[in-house]
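These notes concern the structure reproduced below.
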Amino acid sequence: MRKTLVGIATVISLVASSNFAFADAAKPGQSMTHMKTLAGISATLEGQGILLYVQGGATSAVAGESVSSADGQVVFHIPITGAKNGVKHVGSNIVFFNSANNKQVQLKNPIIDLGKGTISAVIPQGTGEATTVLQITNASTLKPAVTKDRKASLKTTAYKGAALSLAPGIGAALSSLLELPEGSIPEGLAFATADVTLYSKLKSKR
């Protein structure tokens, strides 16, 4: 697993915050992905009437003065609910919402493939099939930091600084599904950075 790693501001400041503390708990099976959009992305989207947030078992917050400020960033905290065949975020969706026409696009149940360096998700408003939505552009250089707490029998594997960009075709798909002018969301857009922390039970030595 050498690779891995995705004004109206008050509307997205907190979603499902009741799950945050529980999901962040350092216990086996309770892990977390922290994703922060690059500065300026949220302002660019809001300029077109697009709100970006997460729903389900996740929380959103705004970093900076506001979503519309040049340095505004949206921070996502997404709990990991499974780790078989990829890091799964079941029940957590990244949402692009067009406030001008009430159109929305969900990136549903994102799965991080630690080997391929991709993030896939189902887009119900599209084909409804799992699609690669984000790419980890620095996947080949990411190295996990592993710590072991033998007292708590806990192993922590942390991947930090994954650089995420929109996968080929996703910019066009988002623009079309949100009924935006062609090219409104650029192809290959550098989108966010992410940290993934995995907690697992530490095997005891015999």
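The values are calculated or read from the model by the stated rules, or taken from the named source; none is laboratory data. Being a predicted model, the structure only gives us computed values, none of them experimental. A quick note on method: Cβ atoms are made from the backbone with ideal geometry, for glycine too, and the neighbour counts reach across all protein chains shown.
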- [ ] Can you tell me which residue among Leu198, Leu166, Leu202 is surrounded by 15 or more Cβ atoms within 10 Å (Cβ to Cβ) and touching a Gly at 6+ places or on another chain (Cβ under 7 Å)?
- [x] Leu166
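Could you tell me whether Ser184 is hydroxyl-bearing (Ser, Thr, Tyr), modelled with pLDDT under 90 and buried (at least 16 other Cβ atoms within 10 Å of the Cβ)? Spell out the reasoning first.
Details: hydroxyl-bearing (Ser, Thr, Tyr): yes; modelled with pLDDT under 90: yes; buried (at least 16 other Cβ atoms within 10 Å of the Cβ): yes.
In short, yes.
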TODO: Please tell me if Thr147 is crowded, with 17+ Cβ neighbours inside 10 Å, over 17 Å from the mean Cα position of the chain (by Cα) and within 15 Å of Val196 (Cβ to Cβ).
DONE: no
Task: Leading residue by the ranking (modelled with the highest pLDDT) among those in segment 61-91 that are in contact with a helix residue (DSSP H, G or I) (Cβ under 7 Å, 6 or more places away or on another chain) and buried (at least 24 other Cβ atoms within 10 Å of the Cβ) - done: Val74
Task: Odd one out for Ala194, checked against (1) under 13 Å from the mean Cα position of the chain (by Cα); (2) among the hydrophobic types (A, V, I, L, M, F, W, C); (3) farther than 25 Å from Gly40 by Cα - done: (3)
TODO: Check Thr10 against each of (1) among the β-branched types (Val, Ile, Thr); (2) at pLDDT 80 or above; (3) not in a loop (DSSP other than H, G, I, E, B) and name the one condition it does not meet.
DONE: (2)
